[in-house]
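What follows is calculated from the coordinates using simple rules that are stated; it is not laboratory data. Treat the numbers as computed from the prediction; the structure is a model and nothing was measured. All Cβ positions, even for glycine, are placed from backbone atoms using ideal geometry, and neighbour counts span all protein chains on display.
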Amino acid sequence: MNKNILITGGSTGIGYEMALALAGQGNHVVIAARGAEKSERAIERIRATHPQAHVESMPLDLGDFDAVDRFADAFLRKMPVLDVLMLNAGLYTLKLHTLPNGYEAMIGIMHFGHFRLTQHLLPALKAAQQGRIVVTSSVGHKWGRIDEASFTDPKRHRIGMQAYGQAKLANILFTRELAKRLEGTRVTVNAFHPGAVATEIWRETPGLFKKLVLGFMLTPAQGADTAIWLATDPSLANVSGKYFVKREENAGTRASRDPALAAKLWEMSERRMAQV
């Protein structure tokens, strides 16, 4: 059965590779991303490879919570049943800064934007025969710790990698807690590390780093492999709340396995989103 699939950040990098592969399998894929031109170019490339692909785009700015709300309303009118939600959009900012809504950019987009979007789309996922949520995290979560004050005060991070690590740790904690809350439903949620992938997420890194390191990284297609597997493999129908690396379950850090911390982050997130 062909599935309805939404991919955030699906116009470039591993998100594009997810869209290419999943549309090629005959699924109805919606790419959600900020840049309309990039999304349209991605669709053109997908259709050049798969002429019959059912793929479209919708604009989404995860750093603007009102925009997330509007997107969700429009999406649910278009697609009341959602089989797979791929929370993939990400960024790394070398210079720490806040979004217009006051949140540090990486936690604001990669955690809070996705948290808010997921809350809106859960009814559509529960309406599916077997809904799945796939969360792009990172081994970089090992450099993070949850510090609520830093959500709106980037100066509490010494370097950008700490903020990035916090956001990626939040992704795994979100996955663990959401899995608990979805027990008894037909919806599963799992996170994964795509590997060290040469994508636009590293566009702010110094030129020397790019020259020395990016050439040794995985391709976006290789980085997308575990996500595509999590989204489609029948053997994973009842697997939830896990973190994977190269299709293998991975323990992650002690903090990423802390149920009390996961519950605390969820409470903080609900409280903060209720105030918006």
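Can you compute the FRET efficiency between K142 and E270 using 1/(1 + (r/R0)^6), with r the Cβ-Cβ distance and R0 = 25 Å? Round to the nearest 0.05.
After rounding, the FRET efficiency stands at 0.45.
In percent, what relative contact order does segment 4-274 have, based on Cα pairs under 8 Å that are 6 or more apart in sequence?
19 percent
Under a plain spin-label model, where a point goes 7 Å from the Cα along Cα-to-Cβ, how far apart in nm are D66 and N250?
The answer from the label model is 3.9 nm.
Could you calculate the FRET efficiency of S235 with H97 from 1/(1 + (r/R0)^6), where r is the beta carbon distance between them and R0 is 45 Å, rounded to 0.05?
Calculated transfer efficiency: 0.60.
Ranked from highest to lowest mean number of other Cβ atoms within 10 Å per residue, what is the order of the peptides 101-113, 153-165, 238-250?
Going from most to least packed, we get 101-113, 153-165, 238-250.
How do 42-52, 74-84 rank on mean C-beta neighbours within 10 Å, highest first?
The densest-packed peptide leads the list: 74-84, 42-52.
Could you please state, rounded to a whole Å, how far the C-alpha centre of segment 29-43 is from the C-alpha centre of segment 235-250?
Distance between centres, Cα-based: 28 Å.
Starting from the 7 Å offset along Cα-to-Cβ, what nm value, one decimal, do you get for the label separation of K180 and E56?
It works out to 3.8 nm between the two label points.
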